[in-house]
Amino acid sequence: MEPAKVRLASPMGTASKRILILFAHPALERSRVNRALVRGLDKMQGVTFHDLYEAYPDFDVDVEREQRLLGLHDVVIMHHPFFWYSTPALLKQWEDLVLVHGWAYGAQGTALQGKKLMSAITTGGAEAAYRADGPNGYTIDELLLPIKRTAILCGMEYLPPFVVYGAHGMTKEQMNQHAATYRERLNALRDD
């Protein structure tokens, strides 16, 4: 099966950074919040929206294609629901295959140096659940350490995450507010 087409970022105009959103949600049809967050992102100037589950429903990641995409962008955003304190399976598969020694890290692995990486995640639990004294026992920053360490290993700058807490009980107004805030963050990243 041929991978889905990726809509590359529209012409830059005055934008200074190109953003690649690696979106990974295995059941987007059941996620009101993520649908609200990503609606229209593919039309934003300087932003490439890449739905990994649409592109690779069989998990057969085209490594060369993904590495070319990474090379075309300055900022990479891993946007996904926070599943079992981690990423969905396909995003982990993508990391394992694409971020290889000699390309992404190691003495000869300099392809990502100087780029920025940010996590954009949604959680079912409320913000209070992600505190040292909360039910999960750790903060979001602590739970995202593997992604931060991956960025650092690849010579990337890890940016503070964009987190939407309590997705299960959110009102439409709250979803729209988070979507607007997300777009503001993307615009700020794009425009430096």
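Read the figures in this text as sums done on the coordinates, not as results from a lab. This structure is a prediction, so every number in the text was calculated from the model and none was measured. When we count neighbours, we look across all protein chains shown, and the Cβ atoms used for this are built from the backbone with ideal geometry, even at glycine.
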Inset, instruction - Please report W84, W103, W94 as a ranked list, fewest other C-beta atoms within 10 angstrom at the top and most at the bottom. - result: W84, W103, W94
Legend entry - DSSP-defined beta bridges in region 8-91 - what % are antiparallel, rounded to 5: 10 percent
Legend entry - Exposure proxy order (Cβ contacts within 10 Å, fewest to most) of S119, S31, S86: S86, S31, S119
Inset, instruction - At most 16 other Cβ atoms within 10 Å and a DSSP loop assignment: could you name the trypsin sites (Lys or Arg not before Pro) in region 18-52 that fit? - result: R39
Inset, instruction - List the lysines whose Cα lies under 25 Å from the Cα of K92, skipping any in the same chain that are fewer than 8 positions away. - result: K5, K115, K116, K148
